[in-house]
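The block underneath contains the structure these notes are about, expressed in structure tokens.
The values are calculated or read from the model by the stated rules, or taken from the named source; none is laboratory data. These figures come from a predicted structure and were not determined experimentally. Note: ideal-geometry Cβ built from the backbone for every residue, glycine included; neighbour counts use all protein chains shown. These accessible areas exclude ligands, DNA and RNA; they are computed on the full protein's heavy atoms, side chains included. Shrake-Rupley method; radii C 1.70, N 1.55, O 1.52, S 1.80 Å.
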Amino acid sequence: MNYYSLNKKAPNTSFKEAVIKGIAPDKGLYFPETITPLPASFFENIDNLSYEAIAFEAIKQFVSPDIPEDVLKTIIAETLSFDFPVVKINDQVSTLELFHGPTMAFKDVGARFMARCLGYFNQNNTEEVTVLVATSGDTGGAVANGFLGVKGVKVVILYPSGKVSDIQEKQLTTLKQNITALEVDGVFDDCQDMVKRAFLDDELTSKMQLTSANSINVARWLPQMFYFFFAYKQLHKTHKKIVFSVPSGNFGNICAGMMAQQLGLPIHHFVAANNENNVVTEYLTTRLYQPKPSVQTISNAMDVGNPSNFIRIQEIYKHNFEALKSNLSSFSFSDDQTREALKELYTDFKYIADPHGAVGYLGCKSYLKDNEDAHCVFLETAHPTKFLNVVEDIIPEKIELPSQIKAVMDEEKASIPIAHYDELKAVLFNTLS
Ligand SMILES: *Cc1c(COP(=O)(O)O)cnc(C)c1O
């Protein structure tokens with residue numbers, strides 16, 4: 001598969017180059033040249049296929065020929081070594097739990113898949129890369145864990161000092177080896193700005209291959225298609241009109257769902273569930289796409305004022321507003337509504353959600369008001385313990401720390417404090433030696 005830049009001012013490139021570069025030289029996001037739907041027989045036979053076999057069929061065309069089939073099978077097996085259960089909430093609503101991976105965030109799958117692709121490309125030590133990421137919490141842990149020990153890949157993570165939860169900080173700072181955590185005196189936007197500046201810094205990029213590990217990177221974005229297939233496999237016998245409500249920030253996850261639909265997966269409709277960062281909700285109402293500075297909420301992994309993957313969604317629908325609108329609804333919810341939803345899920349259904357999942361649940365409720373015959377699946381994107389400070393105030397129950405989390409809490413934190421871009425640059429040059 002070749003990929004083109006959505007800015008259309010850079011040459012088309014292979015999967016391998018798209019993964020190593022992260023973003024095209026003209027700063028556009030990469031998008032696959034073609035999307036070939038899977039044959040009807042695949043869907044007829046889906047009950048007999050393992051998750052690994054499903055994932056293999058879904059992603060094969062996008063990584064071939066750069067990743068040979070036998071290697072792809074191994075990468076998938078290593079990536080998917082945990083569960084993706086659908087849990088029933090009531091007759092109209094289910095949740096797809098995406099938090100059973102090593103860092104208990106849905107980003108584990110994308111990070112693990114991407115890391116293994118880079119590891120394969122570097123098998124002869126010719127493609128050393130440094131992955132540079134800014135995190136407001138969740139991405140960093142999944143990336144650090146996914147890339148740990150991968151040969152030829154160094155990871156540098158910037159996080160805002162004092163602004164991530166204790167658990168998240170431990171997940172970022174205790175792994176060591178090829179992972180360096182930079183504790184930035186500032187807010188998330190400062191971290192993000194430094195990362196952007198590094199990617200534009202010729203002095204750096206002429207000496208080292210820098211890449212991103214957020215959903216801009218095709219190897220992190222595309223494996224998220226798997227989730228929608230896995231949910232379909234679990235639900236299609238009992239429900240015909242399956243709708244996904246996806247708690248969205250950068251819109252990578254929901255955009256991957258739309259790619260699964262392009263492959264032929266019978267998804268009836270999508271709901272983009274947003275907190276008060278509501279650019280897309282507004283867009284679907286007003287037709288005006290107006291990025292705004294992000295506002296802080298209790299579902300902070302979705303505090304995004306200008307979602308980077310929305311341009312890919314536009315491309316899928318060929319920039320046709322009506323076509324997009326007939327397939328996507330979007331609702332935005334306040335923190336108070338999110339807290340109410342957490343409470344309702346607990347008292348009415350004995351389900352403990354995290355704030356992001358709760359926003360997804362609200363998305364389902366809003367959609368179902370006018371579409372009673374649908375079955376809505378909200379994606380539960382993080383385990384509630386990762387947002388304990390919020391959840392514990394609402395749920396009158398002690399939430400047991402899962403073993404993955406307990407293990408890192410006892411480890412010692414190692415981070416390098418920085419405040420200025422020059423200090424980031426010095427660290428990056430140091431990783432070269
Ligand atoms: C990243 C993240 C999201 C948002 O996903 P996007 O692909 O950026 O839309 C939602 N919930 C959690 C817990 C996350 O970490």
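Listing for the model above:
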quantity	calculated
Average accessible area per residue (Å²) across the chain - probe 1.4 Å, nucleic acids and ligands excluded	40
Relative contact order %, the chain, counting alpha carbon pairs below 8 Å whose residues are six or more apart	18
For segment 45-96, alpha-carbon Rg relative to the globular expectation (2.2 N^0.38 Å, N residues)	1.44
Kirkwood Rh (inverse of mean 1/r, distinct Cα pairs), segment 51-175, angstrom	15.9
Approximate shape of segment 308-393 as ellipsoid semi-axes (Cα gyration tensor, √5λ), whole Å, largest first	28, 16, 10
For segment 238-380: rounded, prolate or oblate by the Cα gyration tensor [a/c cutoff 1.5]	oblate
Mean shadow area of segment 296-344 over all directions, Cα convex hull, nm²	4.5
Zero-based 20 Å bins, Cα pair distances in the chain, whole percents	27, 62, 11, 0
Computed over segment 95-160, Kirkwood Rh from alpha-carbon pairs, angstrom	12.3
Global geometry of segment 205-307, whether rounded, prolate or oblate, following the gyration tensor of its Cα atoms and the 1.5 cut on a/c	oblate
Sequence-separation-based contact order of segment 315-403, relative, with Cα cut under 8 Å and 6+ spacing, percent	26
Ratio Rg/Rh, restricted to segment 58-130 and using Cα atoms, in which Rh is the Kirkwood radius	1.10
Rg followed by Dmax, in Å, when segment 1-105 is reduced to its Cα trace	17.1, 50
The chain - percent of accessible surface contributed by carbon and sulfur, probe 1.4 Å	48
Segment 140-287: Cα Rg divided by the 2.2 N^0.38 Å rule of thumb	1.26
For the chain, size of Cβ-based charge dipole, Lys and Arg +1, Asp and Glu -1, in debye	880
Reach of residue 325 by Cα under 24 Å, taken over lysines that are not fewer than 8 positions away in the same chain	240, 241, 292, 365, 369
Relative intensity, log₁₀ I(q)/I(0), of segment 112-213 from a Debye sum that treats every alpha carbon as a point, q = 0.18, 0.20, 0.22 Å⁻¹	-0.82, -0.98, -1.14
